[in-house]
1. Run the quick spin-label model on residue 57 and residue 41: label points 7 Å from Cα toward the beta carbon, then report their separation in nm to one decimal.
2. Determine, from the Cβ-Cβ distance of residue 84 and residue 6 and an R0 of 22 Å, the FRET efficiency 1/(1 + (r/R0)^6), rounded to the nearest 0.05.
3. Using only Cα atoms, find the angle between the long axis of helix 60-85 and the longest principal axis of the chain, and express it within 0 to 90 degrees, rounded to the nearest 10.
4. So for the pair residue 64, residue 49, with labels modelled 7 Å out along Cα→Cβ, what separation do we get in nm?
5. I'd like the projected area of segment 2-85, averaged over all directions, using the convex hull of its alpha carbons. Report it in nm² with one decimal.
6. Full-extension gain between residue 73 and residue 34, please, as 0.36 nm times their residue separation minus the C-alpha to C-alpha distance.
7. On C-alpha positions alone, give me the angle between the axis of helix 2-17 and the longest principal axis of the chain, in degrees, nearest 10.
8. Rank 18, 64, 50 by mean-square fluctuation in a GNM of the chain with C-alpha springs under 10 angstrom and give only the top-ranked residue.
């Protein structure tokens with residue numbers, strides 16, 4: 001379970017970095033198109049992998065609810081970090 005949530009966090013970070021504004025705030029340079037597509041692809045695949053890790057456990061229904069709750073927490077945490085990076 002913990003591995004799934006860590007993979008999920010990395011996926012959310014990669015998906016957020018695929019957006020021009022967040023990438024520019026983090027790296028202070030424009031986002032190339034190929035990099036954006038690669039970040040989206042890897043982030044999406046990691047989200048699928050983390051969900052697969054959750055539903056292959058003993059209680060898939062319950063753990064999928066936990067997965068969604070942690071997804072919202074991870075999105076909120078990444079949004080908070082990006083809001084602090086953008087205020088430079």
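1. If labels sit at residue 57 and residue 41, their model points lie 3.1 nm apart.
2. Details: r = 21 Å, r/R0 = 0.97.
It comes out at approximately 0.55.
3. 20
4. Spacing of the two 7 Å Cα→Cβ label points: 2.2 nm.
5. Working: hull surface 21.0 nm².
For the Cα atoms of segment 2-85, the hull's average projected area reads 5.2 nm².
6. Working: separation 39, 0.36 × 39 = 14.04 nm, distance 2.87 nm.
Full-extension gain reported as 11.2 nm.
7. It works out to around 30 degrees.
8. Per the Cα network of the chain with a 10 Å cutoff, 64 tops the list.
Just so you know, all these numbers are worked out from the coordinates, no wet-lab data involved. Since the model is a prediction, treat every value here as computed from it, not as a measurement. In this analysis, Cβ positions are derived from the backbone assuming ideal geometry, glycine residues included, and neighbour counts consider all displayed protein chains.
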